[in-house]
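Taken together, the values in this text are just the output of simple stated rules run on the coordinates, not laboratory data. Predicted model, so just to flag it, every value in this text is computed and none were measured. Please note: Cβ atoms are built from the backbone with ideal geometry, for glycine as well, and neighbour counts cover all protein chains shown.
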Amino acid sequence: MPVTTTEVLPIRTSDDVVRVRQAVRVRAVGIGLGLVDQTKIITAASELARNTLDYGGGGEVRLDVMQEGARRGLRLSFVDQGPGIPDIARALTDHYTTGGGLGLGLGGAKRLSNEFHIESTPGVGTRVTIARWK
Amino acid sequence: MAVDGTAALTQTVAAEEAGIRAAWLALLKAGGSLQTGRIREAELDTQARTVLEQLRDGLAAAGTDVRADAYAALRDTLSEISRSRAIQGFTPTDTANFVFSLKEPVFAAIDRTHGGDPAAATGGTWAASHLLDALGLHTMEVFLAGREEVIGRQGQEIAELSTPVVRLWDGILALPLIGTLDSARTGVVMENLLQAIVDEEAEIAIIDITGVPTVDTLVAQHLLKAIAAARLMGADCIVSGIRPQIAQTMVHLGVELNVVSKSTLADAFALALKRTGRIVTRRQSALSPTAS
Ligand SMILES: Nc1ncnc2c1ncn2[C@@H]1O[C@H](COP(=O)(O)OP(=O)(O)O)[C@@H](O)[C@H]1O
Ligand SMILES: [Mg+2]
């Protein structure tokens, strides 16, 4: 899938999570997403960035603007080298949390995105990729 | 006697300092440096005086090498001016012009002191140009760095804006939340709300989230905790300002606040008044025609 623009941002602090949301907003507006879709992908990004920070021990996000014919999309990949997720299905279950959260972030991010992909290896790290198309 | 350009400039600035300053200030004022009221006349005078004195000292000690230690004081002064101007909202052009507009008075002064010696005058002018360009660029760089600092701090302020609890009526409080809620301040904001509920013996607390750009599960968790704690203290919460796109996103997240919500703070206030047994009606105007 042709990628027209790529940007990589660090996720090391709580302020970085704010910056990730701002960058995703800029990209979402840039590909012409409407207000509802903007809000969806920004919120999903916020969830995943915070997981990268809180559970993955920090990492980074890669923002790809994609063009497929006349269709434009935004793909976000959150990567960390943290402890990984031993049971992905369980982590995706609503209300499951190991950190005193609401346990709705991963599942919510999935529901808020057009595409959702998660790879995680215990002891190696986690990569969550989402995409939203116009 | 042959005079080189740097020497000509050094002599000129030392001998003509007062004249240069007067002409420079006139140019700055004509250029609108004072117009916007962002800077006082006395402040501008002091800045011009300091810059020229330090320029004179720098020239005497190190010629036109602005990176030399002898120029450290001038560089600092310009940095300070530049930074404060960035904060005062001047444009980069305004700030660079502060230095560049010194050229004309200096050139004129060189003409006065070395007019009879064309080689020295040309050399002096060239040295002045070179020196002031270097100083102008330094100012620009600091200005840009200052700008970034301002932007960075604005981000910080938005993230950490303290949110006051507003007493709308006897027993009715409002907490208008603005900015991101995932900073450490959120805890403080919620504590303030609970304290105010106790102090005011509030029956109803309106949490307005119109100014919250993103409601994710962390924000929702903060809200849920505040609502639960308020309830324990005997106050009911109303959440207002949930924009439609945020309501939709909350549904996808699976978050439920389980409180009454109103689209605006005004609607929430009206409901709060009603719930506490009050009605608001428009007063019948004495002048309005009465139906007969
Ligand atoms: N990047 C990650 N690395 C390790 N574990 C993770 C990561 N992301 C999510 N998890 C695990 O999945 C659980 C569910 O995540 P989530 O649905 O976002 O809920 P919450 O953040 O509220 O705990 C987390 O509690 C955590 O155990
Ligand atoms: Mg989470």
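Couplings 3J(HN,Hα) for region B:69-77, derived from phi with the Karplus relation 6.51 cos²θ - 1.76 cosθ + 1.60 (θ = phi - 60°), are 4, 4, 9, 4, 5, 5, 4, 5, 4 Hz, where x marks Gly and Pro. Inter-label distance, B:Thr281 to B:Asp76: 7.3 nm, where each label sits 7 Å from its Cα along the C-beta direction. Rounded to whole numbers, the Karplus 3J(HN,Hα) couplings from phi for region B:219-235 are 4, 4, 5, 4, 5, 4, 5, 5, 5, 5, 5, 4, 4, 4, 8, x, 10 Hz, using 6.51 cos²θ - 1.76 cosθ + 1.60 with θ = phi - 60°, and x at Gly and Pro.
For A:Lys134, the lysines whose Cα comes closer than 22 Å to its Cα, not counting residues fewer than 8 places off in the same chain, are A:Lys40, A:Lys110.
Determine the shielding of peptide A:11-19 by partner chains: average, over its residues, the number of Cβ atoms on other chains within 10 angstrom of each Cβ. Please list the in-between numbers first.
Numbers: counts 0, 0, 0, 6, 8, 0, 5, 10, 1.
Taking the mean over all residues of the peptide, I get 3.
In plain terms, the residue of B:Leu55, B:Leu25 with the fewest other Cβ atoms within 10 Å comes first and the most crowded comes last, giving B:Leu25, B:Leu55.
Excluding the site residues themselves, the longest part of chain B lacking any GluC sites (Glu not before Pro) in a DSSP loop with at most 12 other Cβ atoms within 10 Å is B:1-200. Within region A:106-134, name every residue whose backbone N is under 15 Å away from a label modeled 7 Å from Cα of A:Val36 along the Cβ vector. A:112-114, A:133-134, by backbone N distance to the label point.
How much length is gained if the chain between B:Ala22 and B:Ser263 is pulled fully straight, taking 0.36 nm per residue apart and subtracting their Cα-Cα distance, in nm to one decimal?
Details: separation 241, 0.36 × 241 = 86.76 nm, distance 6.08 nm.
The B:Ala22-B:Ser263 span can extend by a further 80.7 nm.
In peptide A:98-107, what is the residue-averaged number of other protein chain Cβ atoms found within 10 Å of each Cβ? Numbers along the way, then the final one.
Values: counts 0, 0, 1, 4, 9, 2, 9, 4, 1, 4.
Across A:98-107, the average partner-chain Cβ count within 10 Å equals 3.
Averaging Cα coordinates gives a centre for region B:60-90 and one for region A:108-123; these two points are 52 Å apart. With a 10 Å cut-off around each Cβ of A:38-51, the average count of Cβ atoms from other chains is 4. Does anyone have the angle between helix A:35-54 and the longest principal axis of chain A? Alpha-carbon axes, 0 to 90°, nearest 10? Tilt relative to chain A: about 30 degrees.
Region B:95-129 and region B:176-240 have Cα centres lying 64 Å from one another. Here the label points at B:Ala145 and B:Glu104, each 7 Å from Cα along the C-beta direction, are separated by 3.1 nm in the simple model.
Inverting the mean 1/r over all pairs of different Cα atoms, compute the Kirkwood radius of region B:1-110 and quote it in Å. Intermediate results must be reported in sequence, preceding the final value.
Details: mean 1/r = 0.0690 Å⁻¹.
14.5 Å is the Kirkwood radius here.
Placing +1 at every Lys and Arg Cβ and -1 at every Asp and Glu Cβ, with all other atoms neutral, what dipole size does chain B have around its Cα centre, in debye to the nearest 20? Could the numbers behind the result be given before it?
Details: 25 positive and 34 negative charges, 258 e Å.
Dipole about the Cα centre, nearest 20: 1240 debye.
With only Lys, Arg, Asp and Glu charged, each at its Cβ (+1 for the first two, -1 for the last two), find how big the charge dipole of the protein assembly as shown is about the Cα centre; round to the nearest 20 debye. Don't skip to the end; give the middle numbers.
Numbers: 42 positive and 48 negative charges, 359 e Å.
For the protein assembly as shown, the charge dipole is close to 1720 debye.
Rounded to the nearest 20, the size of the Cβ-charge dipole of chain A about its Cα centre is 420 debye, with Lys and Arg at +1 and Asp and Glu at -1.
For chain A, averaging the sequence separation of C-alpha pairs within contact (under 8 Å, six or more residues apart) and dividing by the residue count gives a relative contact order of 27 percent.
One quarter of the convex hull surface, Cα atoms only: what value does that give for the protein assembly as shown in nm²? The partial results should precede the final answer.
Numbers: hull surface 138.7 nm².
It is 34.7 nm².
Taking a label point 7 Å from the Cα of A:Ala70 along the Cα→Cβ vector, which residues of region A:5-38 have an amide N closer than 16 Å to it? Counting backbone N atoms under 16 Å from the label point, the list is A:32-33. In region A:3-133, a dipole from Cβ-located charges (positive for Lys and Arg, negative for Asp and Glu) runs towards its positive end, and of A:Ile85, A:Ile41, A:Thr126 it is A:Ile41 whose Cα lies farthest in that direction.
Kindly state, to the nearest 0.05, the FRET efficiency for B:Asn192 paired with B:Leu273, given R0 = 22 Å and r defined as their beta-carbon distance. Calculated value: 0.45.
Please identify the longest segment of chain B free of exposed trypsin sites (Lys or Arg not before Pro), where exposed means a DSSP state other than H, G, I, E or B and no more than 16 other Cβ atoms within 10 Å. It runs B:68-277.
For B:Lys225, the aspartates and glutamates whose Cα falls under 16 Å of its own Cα, not counting residues fewer than eight places away in the same chain, are B:Asp182, B:Glu191, B:Asp208, B:Asp216, B:Asp236, B:Glu256.
Sort region A:1-132 into rounded, prolate or oblate with this rule: let a ≥ b ≥ c be the square roots of the eigenvalues of the Cα gyration tensor; rounded if a/c is under 1.5, and if a/c is not under 1.5, prolate when a/b is larger than b/c, oblate otherwise. Display every interim value, and only then the final one.
On the way: a/c = 1.68, a/b = 1.59, b/c = 1.06.
Note, shape of region A:1-132 comes out prolate.
Note down the Stokes-Einstein diffusion coefficient of region B:183-228 in µm²/s, whole number, using a Kirkwood radius over alpha carbon pairs, 10 °C, and 1.306 mPa s. After rounding, the answer is 139 µm²/s. In this structure, the amide hydrogen of B:Ile238, modeled 1.01 Å from its nitrogen in the peptide plane, lies closer than 5 angstrom to those of B:Ala205, B:Ile206, B:Ile207, counting only residues at least 5 positions away or on a different chain.
By counting other Cβ atoms within 10 Å of each Cβ, how are A:Asp80, B:Asp4, B:Asp94 ranked from fewest to most? Mind showing how you got there, number by number?
Working: A:Asp80 23, B:Asp4 14, B:Asp94 19.
Ranking A:Asp80, B:Asp4, B:Asp94 by Cβ neighbours within 10 Å, fewest first, gives B:Asp4, B:Asp94, A:Asp80.
The distance between label points at B:Ala30 and A:Thr93 comes to 8.1 nm (points 7 Å beyond Cα on the Cα→Cβ vector).
From the C-alpha coordinates alone, can you work out the Kirkwood hydrodynamic radius of chain B, in Å? Can you show the working numbers first?
Working: mean 1/r = 0.0412 Å⁻¹.
Hydrodynamic radius (Kirkwood, Cα only) of chain B equals 24.3 Å.
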